[in-house]
Amino acid sequence: MAIPATASAPEAEIVRRLRAVGCVFAEDEARLLLEAAADHDDHGELEHLVARRVAGEPLEQVLGWAEFAGLRIRVLPGVFVPRRRTEFLATEAARLVARSALAVDGSPAGVPLVVDLCCGAGAIGAAIADAAGPDRIELVAADLDPVAVHAARSNLEALGARVFEGDLFDALPADLRGRIDVLAVNAPYVPSDAIAMMPPEARDHERRMALDGGGDGLDVHRRVAASARSWLAPGGALLIETSEAQAPVAAAFFAEGGLIARVVRDDEADATVVIGAAPHRSLA
Ligand SMILES: C[S@@+](CC[C@H](N)C(=O)[O-])C[C@H]1O[C@@H](n2cnc3c(N)ncnc32)[C@H](O)[C@@H]1O
């Protein structure tokens, strides 16, 4: 396609360089890179940003933000870029949050406790908080990767959230046990053998721990499902994103973990979420 006649000379040159390395939306990307560089006084910034993108870094990491559920989520180099398909998990979680904020008779039931585990930059937690409205949830997030925790803090602390670093539930304060109303998890679920087939943007610029889910891709999911019930409040819910093929396997070990499992799917977004409800009777 010809460079639009309206494009300025530097913009047209950026479009040409992006197109040469296969960027499909070169015009849109050039505009975003120009906008990002305009925020800086340093005249070398534009060239620096374009060079990073041309070298194959994901656009979102170059810009420093990703769009998710209508929000700008800050991302850092190396941190998993929130995927648009995960908006489905956030929407399902927000629906359950709204339900758990009401008692059986429809009266307010208190402030729901929401945990975004394996939070990455915190996109899911931010979207749930945004859907619920200011101060309507108690939000906690955690991740094993210190850089992801840094990004999540920059996105979530302004919303009053607490963000912890550590391995799955070990990262959480002990007094959350038995109290979580909605546990939203987008953990790594790519089978180890499939990582080599991923686009270089992911393979080379997102940490292996953010992608690699082990032999069948469900190693982390198994660990989450085995412990979730003791962390959930009676009637609370665990939501985990999987591939469509993985969902029945994940649902089976949700059931082994004492949860009542169902699978929800959005074909248009190619998004699958396994939801496990804790029985209303307490474990105690
Ligand atoms: C697929 S990324 C998803 C990030 C975020 N939930 C999102 O949707 O944008 C998976 C995240 O899980 C984190 N992770 C992997 N293993 C973990 C573990 N054992 N404990 C806590 N976080 C872990 C990674 O660091 C990464 O940030």
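List of remarks:
- Number of positions in the range 59-78 that are in a helix (DSSP H, G or I) and within 13 Å of the ligand (Cβ to nearest atom): 2
- Filter result for E201 (more than 15 Å from the chain's Cα centre (by Cα), surrounded by 14 or more Cβ atoms within 10 Å (Cβ to Cβ) and either within 13 Å of the ligand (Cβ to nearest atom) or over 28 Å from A247 (Cβ atoms) (or both)): no
- Taking the range 215-252 as the range and being over 23 Å from G166 (Cα atoms) and either among the charged types (D, E, K, R) or within 9 Å of the ligand (Cβ to nearest atom) (or both) as the test, the residues that pass are D216, E244.
- Positions within the range 198-250 being of a type in the set (A, V, I, L, M, F, W, C) and not in a helix (DSSP H, G or I), in sequence order: M198, L218, L232, A233, A237, L238, L239, I240, A245
- Flag if D212 is free of Cβ contacts under 8 Å to residues at least 60 places away in the same chain and near the ligand (Cβ under 9 Å from one of its atoms): yes
- Listed by first and then second residue, the pairs with beta-carbon distance under 6 Å, at least 6 apart or on different chains, first residue in the range 222-249 and assigned by TED's automatic domain parsing to the domain that holds P112 and surrounded by fewer than 18 Cβ atoms within 10 Å (Cβ to Cβ), second at pLDDT 95 or above and hydroxyl-bearing (S, T, Y), are E244/T272.
- Residues that are in contact with a helix residue (DSSP H, G or I) (Cβ under 9 Å, 6 or more places away or on another chain) and outside any loop (DSSP other than H, G, I, E, B) within the range 137-148 comprise L139, V140, A141, A142, D143, A148, listed in sequence order.
- Exclusive hit being more than 28 Å from V185 (Cα to Cα) and either touching a helix residue (DSSP H, G or I) at 6+ places or on another chain (Cβ under 8 Å) or not in a helix (DSSP H, G or I) (or both), set V114, V50, V81, V97: V50
- Yes/no for A121 being part of a helix (DSSP H, G or I) and buried (at least 16 other Cβ atoms within 10 Å of the Cβ): no
- For L102: the one exception among (1) within 16 Å of the ligand (Cβ to nearest atom); (2) without any contact (Cβ under 8 Å) to a residue 24 or more places away in the chain; (3) not small (G, A, S): (1)
The values are calculated or read from the model by the stated rules, or taken from the named source; none is laboratory data. Here the structure is a predicted model, which is why all the values come from computation and not from measurement. Note that each Cβ is placed from the backbone with ideal geometry, even for glycine, and that neighbours are counted across all protein chains shown.
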